[in-house]
1. I'd like the FRET efficiency for S424 and E54, computed as 1/(1 + (r/R0)^6) with the beta carbon distance as r and R0 of 51 Å, rounded to 0.05.
2. Summarise the accessible area of the range 249-335 (1.4 Å probe, protein heavy atoms) by the percent that is carbon and sulfur.
3. Ranked by accessible surface with a 1.4 Å probe, highest first, in what order do T76, T266 come?
4. What residues qualify as long-range amide H neighbours of I278, i.e. H under 5 Å apart, gap of 5 or more or another chain, H built at 1.01 Å from N?
5. Net charge around R440, counting only other residues with Cβ within less than 10 Å of its Cβ (Lys, Arg = +1; Asp, Glu = -1)?
6. Note down the relative contact order for the range 198-353 as a percent, whole number, built from C-alpha pairs under 8 angstrom at least six residues apart.
7. Between L414 and T42, take the C-beta separation as r, use R0 = 41 Å, and let me know the FRET efficiency to the nearest 0.05.
8. Using label points projected 7 Å from each Cα along Cα→Cβ, tell me how many nm separate E147 and E31, to one decimal.
Amino acid sequence: MKTWYYIVAGVLAVVVAGSVLWIRRPQEVVEEPFQPRESHQTYRDALTRLGVAETAMGEAWINAAAQVMDESSGVTPPLTETVHFDPRDPAAVSYWFPVTRGRRVVIDLEAEHTYYFADVFRLAGDAGDNGSEMEMEELVASRPEDENQIIFEAQANGFYLLRIQPELLRGGRFQVSISESASLAFPVEGASQDDIWSYFGDGRDAGSREHHGVDIFAPRGTPVLAVSDSEVVRVGERDRGGNIVTLRDDARNIMLYYAHLDEQLTTTGTRVSAGDVIGTVGNTGNAITTPPHLHIGIYQGGWRRPVDPWGYFVDPPRVTPVAAPEGSADRIGQWIVPPADVVADQRVPVAASTVARVQNRNPYLRGAGDTFAGAESEPDPELQPPAMRTIAIDAGTPLLVVGVSGTHVRVRSLNGAEGFLPVSDGWMESSAEDITLSERRRVRDIVSGDTFATLEEGETVARIADIGGGEVVRLDSGRVAVLTPDS
């Protein structure tokens with residue numbers, strides 16, 4: 001990625017025929033309820049103003065918000081994870097995930113209260129040597145007050161980050177779901193992606209030009225539909241396109257070009273809604289020698305920028321999430337101790353899936369019989385995903401289970417590092433054992449290290465792990481703490 005791209009925050013100046021043409025990165029479509037909110041920053045400012053930011057809890061809350069921006073969990077939607085926040089341990093979680101142009105992202109959140117913040121940021125590639133580091137570029141969407149959902153549409157291939165953080169002393173169990181779908185209606189009645197027989201970027205005229213759309217084959221006379229609430233800006237005829245209709249979708253700043261129609265059933269200046277019939281499938285124009293089909297193209301911000309319609313019309317491959325083993329959610333909040341060295345992955349594991357591949361079945365095009373994986377297989381070459389790391393965990397290290405996603409649990413070490421481990425019936429149960437103290441011991445908070453009590457010789461606690469110089473224990477109250485010598 002060129003360094004100057006970021007200096008001008010995604011705005012490029014291109015000189016064309018002596019004039020300056022400004023090309024901005026297409027912005028996300030975000031409806032009013034999900035517009036970016038500054039509530040998280042406002043809350044942080046309030047903590048500072050009231051002096052809470054200087055306390056151990058306040059500082060931990062602020063640090064947690066910053067840490068998860070650099071150490072987010074990688075996700076390939078769809079994702080569902082149940083995660084628990086301990087009100088005594090200020091924490092946050094974050095997920096980064098790729099989104100294909102034209103996809104609608106729905107984030108559903110189930111929580112025990114509404115005293116939490118959820119925000120979506122667009123990630124930008126760093127101009128580093130390997131191109132894998134990511135940085136925040138812009139806050140693009142937020143959870144509305146008193147609601148538990150965020151919805152937005154991506155108008156360019158990119159990576160996004162979701163951060164979730166309860167207010168101080170607010171915890172509880174959350175269920176996080178991230179899913180994607182096509183943002184526009186399918187343009188041919190009764191058809192589907194299986195009827196797309198040629199694709200964006202296919203060669204035309206012996207390779208002298210590229211196909212700026214997709215072709216959807218259907219019987220002559222099949223109704224052609226408006227794909228969104230738009231305005232009809234042209235109904236006419238062109239040499240290549242034959243009978244055409246052009247719509248303008250102002251909400252997405254795109255032009256929708258329908259070609260080869262048999263009949264045009266709308267008029268210029270008409271406002272149409274998604275699903276309205278605007279014509280019928282035909283083979284007019286230069287499609288006269290091919291079977292009837294609709295050519296539809298999408299242009300962003302004008303005719304100079306054709307984009308692949310695939311993500312707008314075709315849902316991502318269906319993935320059936322692997323069900324969590326029975327009782328695995330009960331492990332949330334437990335401390336576990338691996339009996340051998342293990343490696344936790346920062347990426348949220350998902351069920352293995354293959355991107356749905358469809359075949360170019362149009363016998364009139366070069367490349368007939370070739371397969372095509374859709375836009376998912378062709379990410380923006382200028383963007384690379386964040387570097388994912390693994391966390392080596394030594395045998396005997398105490399780990400807190402803070403979440404469950406499918407067959408994996410999210411674990412957090414005493415130093416705050418998080419990763420995912422497969423559920424293992426062999427050792428995932430809490431390994432606490434009762435011990436009787438042989439001397440007076442200090443009881444320290446597991447997060448701050450502050451002493452908050454003492455235990456006398458002869459008292460009994462449940463020991464979870466020996467961490468060298470101290471022991472992680474569960475008190476009779478259920479609170480987990482660290483015992484150290486009283487000296």
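1. Numbers: r = 42 Å, r/R0 = 0.83.
For R0 = 51 Å, the calculated efficiency reads 0.75.
2. Details: 1910 of 3840 Å².
It is 50 percent, rounded to a whole number.
3. On the way: T76 70, T266 20 Å².
Ranked from most to least accessible, the order is T76, T266.
4. HN-HN under 5 Å from I278: V224, L225, A226.
5. Values: positive: R441, R442; negative: E439, E456, E457, E459, D486.
Taking every other residue near R440 into account, the sum is -3.
6. On the way: 319 pairs, mean separation 35.2, N = 156.
Answer for the range 198-353 is 23 percent.
7. Working: r = 32 Å, r/R0 = 0.78.
The value I calculate is 0.80.
8. 0.7
The values are calculated or read from the model by the stated rules, or taken from the named source; none is laboratory data. This one's a predicted model, so the numbers in the text were calculated from it and none came from an experiment. Because the Cβ atoms are built from the backbone with ideal geometry, glycine has one as well, and the counts that use them run over all protein chains shown. Heavy atoms of the whole protein, side chains included, go into the accessibility calculation; ligands, DNA and RNA do not. Shrake-Rupley method; radii C 1.70, N 1.55, O 1.52, S 1.80 Å.
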